[in-house]
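Structure first, commentary second.
Please treat every number below as a calculation from the coordinates, not as lab data. What you see is a predicted model; the values in this text were computed from it and never measured. Every residue, glycine as well, gets a Cβ built from its backbone with ideal geometry; the counts of neighbours run over all protein chains shown.
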Amino acid sequence: MPRVSEAHLEQRRQQILDAARACFIRKGFHETSMQDIFAEAGLSAGAVYRYFKSKTEIVESIASEAIAMMGGTLHEIVAEDPPPPPEEALERLMTHMVEIGESYLGSFALAPQAWSLAMHDSGYREHIASVLRPVHALWATYAERLRDVGILPPDTNPQAVAKTLLALLPGFMVQRVILGDVSPETIRDGLYALRHSTAAPPESSS
């Protein structure tokens, strides 16, 4: 029997994830069954279970993929010399989040559902926490660099800054999904105003 290539395996895995995203967006996590995912993917139960043991594993993979994409952009921002100021860093990161989340099967709208699941499933919550910890560490490194070049005060607590910057991302997503009245440029302008209360803001946007 010919050996199945890694490319084929990855293509099939992605086929299942794409089908699950479509189902979750249409029906929500809790109302979507594994049978719904089988039908959407056009695969048998055995074919799907070869890759994922449960619906929660599928959700974990979708969330991990999204966070990894965000982490890649954050890596680039943190590595820049000199580091960009917070309002620019967040604008760029949020722009990337919107580009991915609103074009990739509408997966941006899945984030609040994933957070809700984490409130009730301790295993899933720990999985997401393990994926987010490296993101938090990147923000802390970024805060240290801002402090070292004088953008932030010498007595800045990098951990506090990291937690604050990380906390802004869910708030942005909630406003974007529910209210639809916020953009990355809005957050940039708001942060700039908070940091430079007496300085002229950058070119404004609605």
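Quick notes on this one:
- Each of HIS120, ILE37, ALA63 was scored by the projection of its Cα onto the charge dipole of the stretch 1-124, and the greatest displacement toward the positive side belongs to ILE37; charges sit on the C-beta of Lys, Arg, Asp and Glu.
- Correct option for Kirkwood radius over Cα pairs in Å [calculated from the coordinates] among [x] 18.9; [y] 17.0; [z] 17.9: [x]
- R0 of 25 Å, Cβ-Cβ distance GLU102-ARG13: FRET efficiency to nearest 0.05: 0.60
- Dipole magnitude of the chain, debye to nearest 20 (Cβ charges: Lys/Arg +1, Asp/Glu -1, about Cα centre): 720
- Proximal charge balance of LEU191 [Cβ under 13 Å; K/R count +1, D/E count -1]: -2
- Counted residue by residue at 0.36 nm each, then reduced by the alpha carbon distance between them, the extension gain from MET69 to ASP121 reaches 16.3 nm.
- Model label points for ASP181 and LYS27, set 7 angstrom from Cα along the Cα-to-Cβ axis, are 3.5 nm apart.
- Helix axis angle, 55-79 relative to the chain longest principal axis, alpha carbon, degrees: 30
- Judged by the mean number of other Cβ atoms found within 10 Å, the most tightly packed of the peptides 140-151, 14-25 leads the ranking 14-25, 140-151.
- For the stretch 54-84 versus the stretch 1-53, the gap between their alpha-carbon centres in whole angstrom: 22
- Other residues within the sphere of radius under 14 Å centred on the Cβ of ALA68, judged by their own Cβ, net out at -2 (K and R +1, D and E -1).
- The residue list TRP139, GLY101, PHE52 was ranked by how far each Cα lies along the charge dipole of the chain toward its positive end, using unit charges on Cβ atoms, and PHE52 comes out on top.
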